[in-house]
Every structure is written in structure tokens, then in C-alpha cells.
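See structure below.
Readers should treat all values here as calculations from the given coordinates under stated rules, not as data from a laboratory. Everything quoted here is computed from the prediction, not taken from an experiment. Quick reminder, even Gly has a Cβ in these numbers, built from the backbone with ideal geometry, and neighbours come from all protein chains shown.
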Amino acid sequence: MKKLFSLVLLSALIFGIYGIWKPLPDGMNFESRVYNVPESSVEFFYDATYLNKDGQRESKQEIFDEIFKMIKGAKKFVLLDMFLFNDFQGKKSENNRKLSSELTELLIEKKKADPKLEIIVVSDPVNTIYGGYKSPQFNKLEEAGVKIIITDLKKLRDTNPLYSGFYRAFFQWFGNKSGDGHFANPFDKTKPKVTARSYLEMINFKANHRKLIVADGEINGKLKMATLITSANPHDGSSAHSNSAIKIYDFIWSDAIKSEEAAGKFSGANFTASISGVSDESGNVKVKLLTEKKIRDDFLNLVNGLGKGDSIDMAMFYLSDRKVVEALKQADKNGADIRIILDPNKDAFGREKNGIPNRPVADELFKNTKGNTEIRWCDTHGEQCHSKMTLIKNSSGYHLLLGSANLTRRNIGNYNLETDALIENDKKVGAIKRASEFFNETWENKGGKIYTADYKKYKDEALYKKFWYRLAEATGMSSF
């Protein structure tokens, strides 16, 4: 028995170590070249939920309206990569927008109207509960001729090695299938039951977390490609979330497609998009596509060295990566002005959360400030403050970084698949100006709309939360 136990531990250790350090799939951790584009080629969109003057919750939504507009205008090609693409609701169902069915029906309608139109949907196996559930959205799309690619997460590095070592050694070989489950769907108990294997796979805590669309369209009589990168999901339970997005005409679309082709390839679904568009690389706005750890690299390159006269405005759903936290503390020490809007991490689709990681991180930043860091909380009422957006001003100008990536070890450490865009200009123009206006409106609760609350409202100094945050961030034993 002792030898058997030792063999089990050794096997788990070997799989665990390999899972952390195994080679990344080709095409991950990508950084495009810098493109110089006209100001008109970059647009900022946002969704925001707030309380009106009567204390009623209202939402302003732009992102999926723009995505639907892109799909309707497509002539030859549509590529979507969306993390959550389902109608799951939590314990308390809200009267949310049915984004998953809106997107599904629009794609089907578009494909029927033009069968030659190439439509590809890349997504995460969370929507099939890791093989234990048949996605009605994906089934309908496949029947209509839309190509569905479910990302093979086993090819990604393991973020939770203490668990994943055992899982890889002893459980991954059994596979999974829908229809023979005995356990409640973990995300929506009104849906068909799933297998124990779905739960075992879920605890690996890894994902294709990207959220983007690439599509062609006719602009002034010319075929142009556009890429929209966002933090928003076509997920009914997320439809009231606050989010941000950037749309870029031409330029980075080929890099976005290459990145998605790489994900398709390591998932066993090769595709090559044969599409082109007119480009005009003559502007003074710089744009760049970033994925995975390259997002953290560029973030740190921008923040390291900031000092007096520089500033950071950040709206972030999860903030926990230690290198990022230390960089923010150093920027504060150097005299940079820092404003951070954080989700209080209290709501998750009808479930109550414990405030980790944002509340212990906020406490650390607040206690280490030299008077230069201010923090406000999104005053949420069931929804989440889901943006992943950072605005930086330094001696070289203005920098806007946004997309799918939370600033956590899992999101920007070469574990999850993520996509962000970096927009830079020496002046606050166009999309950067609108993103700044969105941040200021949220920060200041302009127009009598209540977006955010004072730091004291969700201030939390609990030592056990600090301990658990640091342990979870270091080991990966968490969903953030």
C-alpha cells in the first residue's frame, strides 16, 4: 500500500510539473507589430449599468449592438471567439438581455441568406460543461453550416497544478459525453444534469477567455476588415455587466486571425481564412495586438518608470497579479497619480462572492499609498463591473490597453488564452478620449447616475482574505 501511495504521488508530481512548464502551443503569447492608423480607424464602445435618480437599475449597451452590426454587414467572412456563449443563469435569474439567442439567430439568418459566407465560431468548453452538456446554441449553428471550434484546453499549461497533476495522471483518460449525467449543471440547475467528469475537468480552472470578432464590410464602396476586441460575452447572465471594447478597421485583423488559426490548429480544427481588405497605414494613432503574457509585458513596460506628472486610470474586474500590484505600488511611490475602479467581487450570477481578490488587493494598495492612489468600487446590484481597461498618461503621450484579460496570474501568465489591444497617441484623441470620458463619468457619477461608491463601502481588512488571496494567486487554486 505504501508503494502504491508513493507511485500515485510520484505520478501526480510528474504530471503536475510537466503541466506547468510544458511548451506553449504555437501561436500563443503573440505580439503584433505596431501599425500607424488614422484616428477614424479606431472606435471605443462601452456597456454601463448604474442606478438612476429614482434608484432604479438601468443599462446603456453599445458593444453587442456594434457586434451585430458587423455581422449584418459582413460580405465574405465572420470570425468570433467568445468565452461564454450560453443562456445559463445563476440561483437568482434576472431579467437580462438574451444575448446568446440573439447572436445565434443572427448568425443562422446571415448564413441562410448567404451560404457562401464563411462563419467560424471559436469558444471554450465551459459552454458544453466540458463535454457533459449539449449546447443548443452550438448545435443550431452547426446545423446551419457555421463552423464551431471548441478549444482543446488540455494543450494549455495547467494553472492549478496541485489538483491538475492528479487529474492528468488518473482522470483525463476517461473522456466525457452528454446525456448520462447525474449531477446538477454547476452554472444553471434548470439545465440537464452533467457527469462527474464535467466537475473534475472544471476544477482545472483554465479557459479560452478571449472575446473578439473579425468581420469584413463595405465602407465607402471599399471592402474593409474590422476587429472588435472586448471584455463582453454573449451570455445572458452577463448581459447587464459593465464592459469596454475597441474596434479597429484593417491593420491588426490579419494578426487576430493568425492568433485564432493557431488556437484552431492545436484544437484539431485547422482553418485558413482567405480574405483581404483595403488598408491605409498613414495615421498617427499606433495600434498593436497582444495575447497572453505579452499583455503583462506591455503593461509593465508602461507602468515601470512612471512618476510625478504621470497617471494611471484603471477599471478592472480582477486585479491580483503580484508583478502588477508591485508595479502599481512603485508608481505610487514615484509620484504617479493612480485612480482605480474595481468590482467589489460580491456578485456572480446570483451567487454571493467573498470579495477576493479585489478587496485584499485594494487594502494593500491603499495602505501602501503615498497619497497618490485613489480607489472606488463599482456599486453593483447583481451585475459585475467587468471591464479590463487601463489608461496611462506619461511623457510619450496616452496609452489605452483593453480586451479580455484581467490582471491576474491566470489571465496574463501564459495560462488562459487572452486578447487585448494597445492604442497609443501623443494626444488624447478619438477612442482614447472617449475611453477617458467613460472612465471619468463612472468615477464621478456624472449626471446623477450612480456607477461607483467610495472606498469605505467595501473596505475589507480581513487577514484570512489576504492569506487566501496570496495562496490562491500563487497556486492557482481559485477561479480568478
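Brief remarks follow.
- Spatial separation of Cα centroids for segment 388-435 and segment 76-137, in angstrom: 27
- Our summary gives segment 285-474 a relative contact order of 28 percent, counting only alpha carbon pairs under 8 angstrom and 6 or more residues apart.
- Projected-area mean, segment 29-266, by convex hull of Cα positions, square nanometres: 15.6
- Note on segment 285-474: with charges restricted to the Cβ of Lys and Arg (+1) and Asp and Glu (-1), its dipole about the Cα centre is near 220 debye.
- Placing unit charges on the Cβ atoms only, positive for Lys and Arg and negative for Asp and Glu, gives the chain a dipole magnitude near 1300 debye about its Cα centre.
- In segment 285-474, the C-alpha radius of gyration followed by the widest Cα-Cα span (Dmax) gives 15.7, 46 angstrom.
- Out of every Cα-Cα pair that the chain contains, those further apart than 34 angstrom amount to 33 percent.
- Computed about its Cα centre, the charge dipole of segment 29-266 is approximately 600 debye, with only Lys, Arg, Asp and Glu carrying charge at their Cβ.
- Of the residues A256, N414, F85, the one whose Cα sits farthest towards the positive end of the charge dipole of the chain is N414 (charges of +1 on Lys and Arg Cβ, -1 on Asp and Glu Cβ, taken about the Cα centre).
- Mean residue ellipticity (222 nm) of the chain, computed from DSSP H runs ≥ 4 via -39,500 (n - 2.57), nearest 500: -9500 deg cm²/dmol
- Extension gain for L13 to K177 (0.36 nm times residue separation, less C-alpha to C-alpha distance): 56.2 nm.
- A dipole drawn for the chain from +1 and -1 charges on Cβ atoms has a positive end, and of S387, F467, V122 the residue lying farthest that way is F467.
- Simple spin-label estimate for F5 and S479 in nanometres, 7 Å along Cα-Cβ: 3.4
- The alpha-carbon atoms of segment 423-480, seen along their principal axes, cover 43, 31, 18 angstrom, with the largest extent given first.
- Where Cα atoms sit under 16 Å apart: lysine pairs in segment 239-316 separated by 8 or more or lying on different chains: 4
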